[in-house]
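Inspection log for the structure reproduced underneath, given as structure tokens.
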Amino acid sequence: MVKQKAIKYGIFLCVLGIIVGVLLSVVNAITKPVIDNYEKEKVNNLLLDYNDTYDWNDSDITDSIENLHPQILNVYAGKLNGEEVVRVYKVQTTGYSSGAIVSMIYIENNKIMKVSIVSTTSQTKGVGSKVEDLSYLKIYEGKSCSEYNNDVAQNHNNKSVDVISGATVSSRGVISAVIIACTEHLSGE
Amino acid sequence: MANKTSLKTEFTKGLFKENPILVTMLGLCPTLAITVSLENALGMGIAFAFVLLMSNIVVSLIRKIVPSEIRIPVYIVIIATFVSIVEMLMAAYLPSLSDSLGVFIPLIVVNCIVLGRAEAFASKNGVLPSIMDALGMAVGYTMILALIASIREILGSGTLTIWGSLVLDINKLFGSNETLPIFSSFFISPAGAYLVLGIIFGVVATIRISKERKQKMLEKKAEEEKKAKLLQEKNNQQLNLNKGAGE
Amino acid sequence: MQVLSWLIGAILIQNVILSRFFGTCPFLGVSKSKDSAVGMGLAVTFVMTMAATVSWLLYKYVLVAFDLVYMKTIVFILVIASLVQIIEMFIKKFSPSLYRALGIYLPLITTNCAVLGLSTIVTDGTYTFLKAIIYSFGSGIGFLFIIYIFSILRQKMETSPIPEGFKGIPIALITACLMAMIIARFAGVA
């Protein structure tokens, strides 16, 4: 009797599992291309926004770099006249309250040219999302990569001067991203 | 006729009498976290409504073939499936809302209201009543979320974000581009969430208690009047008897 | 070192109850007595740490590897439900008194936002395996810490003059507001 019941339950659960699996993979097949496309467009717009004279075709060189830091999602190389002039690092870091911050760090000649935010998840609206404020992100522009190299940055106590008051954890997320990008960039040279 | 009226009650009970947040106080986690802006609250309401509606329908449809011992895991799997679907749909078609709500979309799975309705109602009733029940609960839930979110957003940042760029900016009405100092970001912080919710619950409870007291007093009054009437009648009877005896 | 900052971050700064809002239902429901609060807190810590660890492993080596990331919510909740079942059987066998005390609270851990929430957080891609374990353990301890303090406060409140409508949940929430304000002061630390 017990065995019969167990088999009955087992079959029921298996059938349920199969239906669920099929349903979800169908929805996934429909939505994934939309999501990926949206991401690609966002990134493309940011790259063109930075400099639309550079050639950004086939700029995703992520797979060609060995031992990439796990938090670096993508690396893009912008070219001018066939030569690479700028490297852009898309980094994911932890911000406030379980959310992730994805930022783009643009580096030319070992100098940080720009930092922009791709997306913030769950950052407190109006407070943490202040990191998306252009005026905050400008403080990174022109700084040398070596200032944000891992070893140096640790000594400077997480660069407390770059932190926005009240949005400490979110801005730490951005600082973290800049450090990761710079460290990776310098190690690749 | 009787069927129709009872369907209506299934819907309306979710709004006030059995409002999931005010009365049963379930599903408080997102209530505290999401309500920083009206847009978030409405978005969450939509996602929640979808999951609750679909899972109520499915659970009601299969209620006769689900073996009783494994029903809770089965309900959880069904709810999780619809949550995953909502997650994917939102990430694809409402990406900014999906980013604002963050981890709280998958957390709809463990929202006590959804599992609660599936177990307490959908598993024991037909599809149509279950649909009405789901809709009523969802509307009631969203109403309260919207109320709390509006309070917190207005007091916190002086704006009311209804959807995307449809924003009512009170600061601008007073001619300022920055948040006026009377609006404190305290209400957007976690502490503010607890405070607003605590006060709302306190007010609702106070109203409910005073209503119950009034009801009790009315009942007491009615009983005393009844007693007085009976006593009067008894006295009259006695008088008549005495009269009769006297003659 | 880093581990310490992760722990402080998890216990105080991003406290599951007071700043992430997870676990509010048991927080309000179980905190009436000190013993059940501690019992619940310990059980949640255990389940949370195990669930986050197992979820992290499954996410990296199964879901991502086989391109099944969209199944993560279902997989995580099934992991949690199974863990809770196992723990329930375990406690029933080895400590019937504890089982009686925790009674209905154990299955409630499955619907505790904190456990599923933590599993989702540590699999967002920025956590190493070690950080995932430490952080989820710390979050559990943070939960235990706050629920314990709260149970003491609530026992004191039973004898305080509180307006009728605010007794119970409302005053509990307002107390939580004060606790949240204190915790928020720690935000600049780690």
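The values are calculated or read from the model by the stated rules, or taken from the named source; none is laboratory data. All values reported here derive from a predicted model rather than from experimental measurement. No Cβ is skipped: glycine too gets one built from the backbone with ideal geometry, and neighbour counts run over all protein chains shown.
Observations on the structure shown:
- The one condition from (1) more than 14 Å from chain C (Cβ to nearest Cβ); (2) within 23 Å of C:Glu164 (Cβ to Cβ); (3) within 28 Å of the chain's Cα centre (by Cα) that B:Tyr141 does not meet is (2).
- Looking only at the stretch C:111-124, and only at residues there that are surrounded by fewer than 24 Cβ atoms within 10 Å (Cβ to Cβ) and in contact (Cβ under 8 Å) with a residue 12 or more places away in the chain, the one that is farthest from the other protein chains (Cβ to nearest Cβ): C:Thr123
- Candidate set from the stretch C:135-190 (those that are outside any helix (DSSP H, G or I) and of a type outside the set (S, T, N, Q)); member that is modelled with the lowest pLDDT: C:Ala190
- You will find that of C:Leu78, C:Leu106, the residue that is more than 10 Å from chain B (Cβ to nearest Cβ) and part of a helix (DSSP H, G or I) is C:Leu106 and no other.
- Residue within the stretch C:142-152 that is more than 11 Å from chain B (Cβ to nearest Cβ), more than 16 Å from C:Ser31 (Cβ to Cβ) and not aliphatic (A, V, I, L, M) present: no
- Unmet criterion (only one of (1) more than 14 Å from chain C (Cβ to nearest Cβ); (2) free of Cβ contacts under 8 Å to residues at least 40 places away in the same chain) for B:Gly14: (2)
- Condition met for B:Phe82 (within 26 Å of A:Cys14 (Cα to Cα), free of Cβ contacts under 8 Å to residues at least 40 places away in the same chain, among the hydrophobic types (A, V, I, L, M, F, W, C) and in a helix (DSSP H, G or I)): yes
- B:Pro67, sole failed condition from (1) surrounded by fewer than 19 Cβ atoms within 10 Å (Cβ to Cβ); (2) at pLDDT below 90; (3) more than 9 Å from every other protein chain (Cβ to nearest Cβ): (3)
- Qualifying residue in the stretch A:118-140 (condition: at pLDDT 80 or above and either surrounded by fewer than 22 Cβ atoms within 10 Å (Cβ to Cβ) or within 24 Å of C:Gln2 (Cβ to Cβ) (or both)): yes
- Selection status of B:Asn40, buried (at least 18 other Cβ atoms within 10 Å of the Cβ), more than 11 Å from every other protein chain (Cβ to nearest Cβ) and either under 22 Å from the mean Cα position of the chain (by Cα) or within 16 Å of B:Asp133 (Cα to Cα) (or both): no
- Among the residues of this structure, A:Thr31 does not count as one that is touching a residue at least 12 places away in the same chain (Cβ under 8 Å) and either away from chain B (no Cβ under 14 Å) or of a type outside the set (Lys, Arg) (or both).
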